[in-house]
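*Asks:* Quick one: structure below, then a few questions.
What follows is calculated from the coordinates using simple rules that are stated; it is not laboratory data. Being a predicted model, the structure only gives us computed values, none of them experimental. Quick reminder, even Gly has a Cβ in these numbers, built from the backbone with ideal geometry, and neighbours come from all protein chains shown.
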Amino acid sequence: MKIAEFLNEKAVSANLKATNKEGVIRELVELLAKAEGMKNKEELVKVLLGRESLGSTGIGQGVGIPHGKSDAVKKLVGAFGICHQGLNFDALDGEPVYIFFLLVAPEDSAGPHLKGLARISRLLKDKFFRESLKTLTDEKAIFKLIREEDAKRP
C-alpha cells in the first residue's frame with residue numbers, strides 16, 4: 001500500500017496553527033473534511049479524541065499518528081500536517097510533536113487501517129526524511145517529498 005492511495009493532496013498543511021492535542025486533531029479533521037467533502041467533522045473529532053484517551057498516538061521522535069475508525073468514511077483516508085513550533089501531544093518519549101499524520105478508516109476495515117499505519121510508521125522512522133519534512137513550508141513540496149520517499153521503499 002502506498003501513501004498516495006489514502007493521502008489526499010488537498011489534505012496537507014505546511015503550517016498547523018494548533019497549540020494543543022485537541023486543536024491539532026480539529027485542524028487535521030477540518031483539512032480532511034474539506035478535501036474529501038465530509039460532513040461529520042464533530043463525530044470524527046470525537047472518535048479520534050476517544051482513541052487518544054486510550055493512549056497517545058504520539059509515537060516519539062516528533063511524530064504523531066492520530067487515527068480511528070468511523071462510518072463517516074467509505075475508504076481509508078488521511079491528512080498530513082507540520083507544526084513548526086512543535087506541541088505537547090503526550091508522545092511516548094515526552095518530546096514535542098512536529099509531524100502529524102491523521103488516518104481514518106471505515107468501521108469494518110482492519111486490514112487497510114493497519115497497513116496504512118505500518119506504512120506511515122516505516123517511512124517516518126527515517127530521521128533524514130523527518131528532518132527534511134520539518135524544513136518544508138509548501139504543501140505541494142511536502143506531498144511531493146512524501147510520494148518520492150514512499151516510491152523508494154517496497
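*Asks:* Build a GNM of the chain with springs between Cα atoms under 10 Å: which of Arg26, Arg122, Arg51 gets the top mean-square fluctuation?
*Replies:* Arg122
*Asks:* Could you compute the net charge surrounding Ala4? Neighbours are other residues with a C-beta less than 9 Å from the C-beta of Ala4; K and R count +1, D and E count -1.
*Replies:* Net charge around Ala4: -1.
*Asks:* Expressed as a whole number of Å, what is the distance separating the alpha-carbon centroids of the range 1-21 and the range 52-97?
*Replies:* Using only Cα atoms to place each centre, the spacing works out to 11 Å.
*Asks:* Also, quick follow-up: Using a Gaussian network model of the chain with C-alpha springs under 10 Å, which one of Ser13, Ser121, Ser132 is most mobile by mean-square fluctuation?
*Replies:* Ser132
*Asks:* Another question, if that's okay. Tell me which trypsin sites (Lys or Arg not before Pro) from the range 54-85 have a DSSP coil assignment and no more than 12 other beta carbons within 10 Å of their own.
*Replies:* Lys74, Lys75
*Asks:* Take Lys134 and Lys17, extend 7 Å from each Cα along the Cα→Cβ direction, and tell me the distance between the two endpoints in nm.
*Replies:* Going from the Lys134 label point to the Lys17 one covers 2.4 nm.
*Asks:* Follow-up question, since we're still on this one. Residues in the range 70-87 near a label at Asp108, defined as backbone nitrogen under 16 Å from the 7 Å Cα→Cβ point?
*Replies:* Backbone N within reach: 70-76.
*Asks:* Hand me the GluC sites (Glu not before Pro) from the range 41-126 located in a DSSP loop with no more than 13 other Cβ atoms within 10 Å, in residue order please.
*Replies:* Glu107
*Asks:* Computed from the coordinates I sent, Rg/Rh (Cα atoms, Kirkwood Rh) equals one of (1) 1.06; (2) 0.92; (3) 1.47. Tell me the label.
*Replies:* Only one listed value fits the structure, namely (2).
*Asks:* Now, a different point. Place a +1 charge on the Cβ of each Lys and Arg in the chain and a -1 charge on the Cβ of each Asp and Glu, then give the dipole magnitude about the Cα centre in debye, rounded to the nearest 20.
*Replies:* Values: 25 positive and 22 negative charges, 78 e Å.
Using Cβ point charges on Lys, Arg, Asp and Glu, the chain gives about 380 debye.
*Asks:* Express as a percent, rounded to the nearest 5, the fraction of DSSP beta bridges in the range 12-152 (both residues included) that run antiparallel.
*Replies:* The antiparallel proportion sits near 55 percent.
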